[in-house]
Amino acid sequence: MLLIHCPYCEEARPEIEFRHAGEAHIARPADIASLTDEEFSRFFFYRDNPKGITFERWRHVHGCARFFNAARDTVTDKFLVTYPAGEAKPDLVEAANENAKGAT
């Protein structure tokens, strides 16, 4: 079973307690009403889907119910780091080192 660390509850919980909420760090347009249909569809529907490390939003539905961000490797399905919503993207080298320390 995959365990996901909630940065608010400060513990790892089973994946069934969480819901994926899309790509993280998406900037909402300042004046969404002024967008053309093409610009709006690009903002609303199109997301990156890289093979490898991606930044995602998650929600701890069956816990604190809060949204948070995570860096996850889509190849291995391993979470590198989770952090509160609104924080900047973390340094992944440092996060990978911290994750390796916790695994030993």
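The values are calculated or read from the model by the stated rules, or taken from the named source; none is laboratory data. Just so we're clear, the structure is a prediction, and the values are computed from it rather than from any experiment. Backbone-built Cβ (ideal geometry, glycine too); neighbour counts: all protein chains shown. Ligands, DNA and RNA are excluded from the accessible area calculation, which covers all protein heavy atoms including side chains. Shrake-Rupley method; radii C 1.70, N 1.55, O 1.52, S 1.80 Å.
Points to keep in mind about this one:
- With respect to (1) at pLDDT below 95; (2) farther than 17 Å from Pro84 by Cα; (3) not in a loop (DSSP other than H, G, I, E, B), the lone exception for Ile16 is condition (1).
- Of all the residues in the range 29-58, those that are farther than 19 Å from Lys89 by Cβ and open to solvent by 80 Å² or more (accessible area, probe 1.4 Å) number 9.
- All conditions in (1) at pLDDT 95 or above; (2) open to solvent by 100 Å² or more (accessible area, probe 1.4 Å); (3) not in a helix (DSSP H, G or I) hold for Met1, with the sole exception of (1).
- Count of residues meeting criterion [aliphatic (A, V, I, L, M) and either under 20 Å from Cys9 (Cα atoms) or touching a Ser or Thr at 6+ places or on another chain (Cβ under 6 Å) (or both)] in the range 27-85: 7
- Extreme residue, modelled with the lowest pLDDT, among residues of the range 62-104 that are at negative phi and acidic (Asp, Glu): Glu98
- The listed residue being part of a strand (DSSP E or B) and among the small types (Gly, Ala, Ser), out of Ala71, Ala33: Ala71
- Restricting the range 6-27 to residues that are more than 14 Å from the chain's Cα centre (by Cα) and without any contact (Cβ under 8 Å) to a residue 24 or more places away in the chain, the residue that is least open to solvent (accessible area, probe 1.4 Å) is Pro14.
- Residue-level analysis places Phe79 outside the set of residues that are of a type outside the set (Lys, Arg) and farther than 18 Å from Leu2 by Cβ.
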